[in-house]
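The next block holds one structure in the form of structure tokens; read it before the comments.
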Amino acid sequence: MKVGTDKVVFGHMHEDHSLELALVDRLPVRRALVIASGGDLAFALAGAKVEVTAVDSNPGQIGLVRLKMQCPPNLEELCFCGKVDHVFRRGGPFLAWLFDWPQRRPGRFRVFLANLLEGLLPRVVALVHGPQAGARLNLDAIRLIRRRLERAMGEPAASNNPLLQVLLGNRFGPDAPEVWSESGIERWKHETGRIHLRTADVKEVLATSHGRSYGLISLSNLPDAVEQDAWDETVALAADALATGGYLIVRSMLVASVVSRHDGFFDLDHTVFQDVSPLCPVVWVGTKRCAAVAG
């Protein structure tokens, strides 16, 4: 099977998964439900002896993860075969120039250009992808993305952050994420039997799951892609599918925090974990309460 960029959006996941791995030993049930995407999180959790259900509504992403499970010699190529990866590879060097990275001393012209693009970007997105997409990518979201990017570029270890390197068009930089390192691959390639792939909507999988069967549910940046009512329904279904003490983890590119009318099923976990994701960090971590969940 050949992976086509017309179907694959993410060749790999542009998120730091250290939080999920830090929680593995706390899970009440060593079963996890994750968004498949490029497979990174599924492989990392399988390497930590967790049974993983990886779901994605895009069959191209499931096909990509299945190819990676065979650990072929062109693994590096497969990690950069998605549409988003191509955008970062082409646009990342411009971002690096715009913010004068790694020196981080942009002159007046570059600052003016960055401010101009900040105002134009939602309008460009609306023209290309429709007004709904443009409305979601509003100016507040653009400012948040810019602040996150500037903060990531200013970190002392920024040059060794592989996710930032990818964003700036430099592939993985000096250090690949642990899951794609030689030792990381050795850990998960013998555990791929723990990964169960499904081409499906995550709500469908949650709705048909046996109650309280998961210890961890990681929904990536799903709230960026769905409306509030759909997000509320997803949170309720996730609460029903989690064992007591299990974790729900949410990331976001477009908002600093997420809320749902079903947040009461969870205790918010304020434990601080390092997250080196430059644009899509963890914004919400909830621990399932003991209270029963209404069906």
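The values are calculated or read from the model by the stated rules, or taken from the named source; none is laboratory data. Treat the numbers as computed from the prediction; the structure is a model and nothing was measured. Heads up, the Cβs are rebuilt from the backbone with ideal geometry, glycines too, and the neighbour counts pull from every protein chain shown. Surface accessibility is based on the protein's heavy atoms, side chains included, excluding ligands, DNA and RNA. Shrake-Rupley method; radii C 1.70, N 1.55, O 1.52, S 1.80 Å.
Of all residues in the stretch 95-132, those satisfying the criterion of being within 26 Å of Lys7 (Cα to Cα) and without any contact (Cβ under 8 Å) to a residue 12 or more places away in the chain are Arg123, Val124, Ala126, Leu127, Val128, His129, Gly130, Pro131, Gln132. The set of residues in the stretch 80-102 that are within 15 Å of Gly38 (Cα to Cα) and in contact with a Lys or Arg (Cβ under 8 Å, 6 or more places away or on another chain) contains only Phe80.
Residues in the stretch 91-133 that are among the charged types (D, E, K, R) and outside any loop (DSSP other than H, G, I, E, B): Arg108, Arg110, Glu118, Arg123. Summed over the stretch 91-112, residues that are open to solvent by 40 Å² or more (accessible area, probe 1.4 Å) and aliphatic (A, V, I, L, M) total 2. When restricted to residues that are open to solvent by 70 Å² or more (accessible area, probe 1.4 Å), in a loop (DSSP other than H, G, I, E, B) and without any contact (Cβ under 8 Å) to a residue 12 or more places away in the chain, the stretch 156-186 contains 1. Within the stretch 198-221, the set of residues being under 19 Å from the mean Cα position of the chain (by Cα), surrounded by fewer than 20 Cβ atoms within 10 Å (Cβ to Cβ) and either free of Cβ contacts under 8 Å to residues at least 12 places away in the same chain or under 28 Å from Cys71 (Cβ atoms) (or both) comprises Arg198, Thr199, Ala200, Val205. Inspect the stretch 15-32 for any residue being within 16 Å of Ile185 (Cα to Cα), in contact with a Lys or Arg (Cβ under 7 Å, 6 or more places away or on another chain) and modelled with pLDDT of 95 or more and give the result as yes or no. No: the stretch 15-32 contains no residue that is within 16 Å of Ile185 (Cα to Cα), in contact with a Lys or Arg (Cβ under 7 Å, 6 or more places away or on another chain) and modelled with pLDDT of 95 or more.
Within the stretch 188-197, not a single residue is open to solvent by 40 Å² or more (accessible area, probe 1.4 Å), closer than 20 Å to His12 by Cβ, more than 19 Å from the chain's Cα centre (by Cα) and acidic (Asp, Glu). Of all residues in the stretch 32-90, those being surrounded by fewer than 22 Cβ atoms within 10 Å (Cβ to Cβ) and part of a loop (DSSP other than H, G, I, E, B) number 10.
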